[in-house]
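The values are calculated or read from the model by the stated rules, or taken from the named source; none is laboratory data. Everything numeric here is computed off the predicted structure, so don't read it as measured data. Glycine also receives a Cβ, built like all others from the backbone with ideal geometry; neighbour counts cover every protein chain displayed.
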Amino acid sequence: MSLLTICDNVIIICEATVRSDFSNSKTICKMGWRKRQLIPILNQNIPESFGTYYEPFLGGGALLFNILTGKNGQKCSISDLNSDLVLAYTTIRDKIDALITSLKSHEKNYQKDSQTYYYSIRESNPRSEIEKTSRLIFLNRTCFNGLYRVNSKGKFNVPLGKYSNPNIVNEENLRAVSSILRSNRISINCRDFAAVLRDAKKRRFSIF
């Protein structure tokens with residue numbers, strides 16, 4: 001596990017490889033590089049008080065929501081290099097009703113013919129923010145093992161998973177996440193890890 005603390009005021013959590021059991025975090029989707037199982041270990045290393053929480057590898061957001069559960073009102077700067085994932089977070093924050101309506105449509109069509117519908121959506125290229133995010137969540141909930149993988153052309157290429165009743169529309173959780181993200185103390189950006197470090201330096205924090 002890699003844990004960087006910046007002047008006791010900013011904390012940056014990086015990726016880790018240790019696994020443990022944890023099942024209470026809210027997440028918007030499953031990712032191949034899940035931090036959800038690491039929460040007990042990460043909690044042991046997070047200071048009781050700090051300034052801004054920087055999350056440069058946002059993923060499904062398990063650690064973010066875990067921190068906010070115990071620190072309501074915590075200032076957070078969250079980011080990821082995956083523009084589709086960042087769009088999903090801003091869409092959940094700003095357009096939750098339309099997103100849930102779109103997901104319910106996916107769920108209805110999936111139940112009619114899961115295989116045909118899955119591959120038709122996998123090959124689709126929606127243009128609206130709502131449909132892009134709805135497609136990402138739908139594929140994530142129904143693809144094999146919740147993997148996020150694209151080919152050399154940037155196309156999602158994970159096959160259909162074997163689920164009898166996938167939870168495509170987790171409305172209660174999505175609305176809870178939307179409410180959390182609407183805080184004016186949470187900023188969401190599409191940027192890489194190096195940009196996070198530059199931002200921390202610009203704010204005159206030293207990295208240890």
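Quick notes
- Qualifying residue in the stretch 74-91 (condition: at pLDDT below 85 and of a type in the set (D, E, K, R)): no
- Figure legend. Inter-residue proximity from the stretch 57-85: first residues more than 22 Å from residue 135 (Cα to Cα) and free of Cβ contacts under 8 Å to residues at least 40 places away in the same chain, second residues in a strand (DSSP E or B) and not aliphatic (A, V, I, L, M), beta-carbon distance below 7 Å, spacing 6+ or different chains. Indicated pairs: 64/55; 64/76; 67/53.
- Exactly one residue out of 133, 116 is among the β-branched types (Val, Ile, Thr), within 19 Å of residue 59 (Cβ to Cβ) and assigned to a helix (DSSP H, G or I): that is 133.
- The C-beta contact set for the stretch 183-198 (first residue under 16 Å from residue 64 (Cβ atoms), second residue modelled with pLDDT of 95 or more, distance under 6 angstrom, 6+ apart or interchain) comprises 188/89; 188/90; 190/86.
- For the stretch 73-97, a residue qualifies if it is touching a Pro at 6+ places or on another chain (Cβ under 8 Å) and in a helix (DSSP H, G or I), but none of them does.
- Where residue 100 falls short, out of the listed (1) part of a helix (DSSP H, G or I); (2) over 30 Å from residue 75 (Cβ atoms); (3) in contact with an Asp or Glu (Cβ under 6 Å, 6 or more places away or on another chain): (2)
- Evaluation of residue 107 against (1) assigned by TED's automatic domain parsing to the domain that holds residue 149; (2) within 14 Å of the chain's Cα centre (by Cα) (one fails), failing number: (2)
- Residues satisfying the stated conditions in the stretch 73-92, i.e. within 13 Å of residue 185 (Cα to Cα) and in contact with a helix residue (DSSP H, G or I) (Cβ under 9 Å, 6 or more places away or on another chain): 74, 76, 77, 78
- Selection of the stretch 150-184 for residues being touching a strand residue (DSSP E or B) at 6+ places or on another chain (Cβ under 7 Å) and either of a type in the set (D, E, K, R) or part of a strand (DSSP E or B) (or both) yields 150, 156, 160.
- Failed item, numbered, when residue 75 is tested on (1) outside the structural domain of residue 52 (by TED's automatic domain parsing); (2) within 21 Å of the chain's Cα centre (by Cα); (3) surrounded by fewer than 17 Cβ atoms within 10 Å (Cβ to Cβ): (1)
- Checking residue 102 against (1) at pLDDT 95 or above; (2) in the same structural domain as residue 59 (by TED's automatic domain parsing), the condition it does not meet: (2)
- When residue 136 is tested against (1) under 27 Å from residue 69 (Cβ atoms); (2) without any contact (Cβ under 8 Å) to a residue 40 or more places away in the chain; (3) crowded, with 18+ Cβ neighbours inside 10 Å, just one condition goes unmet, and that condition is (2).
- Test: residue in the stretch 148-164 that is without any contact (Cβ under 8 Å) to a residue 60 or more places away in the chain, closer than 18 Å to residue 99 by Cβ, surrounded by 18 or more Cβ atoms within 10 Å (Cβ to Cβ) and not assigned by TED's automatic domain parsing to the domain that holds residue 71: no
- The set of residues in the stretch 58-72 being buried (at least 20 other Cβ atoms within 10 Å of the Cβ) and in a helix (DSSP H, G or I) consists of 62, 63, 64, 65, 66, 67, 68.
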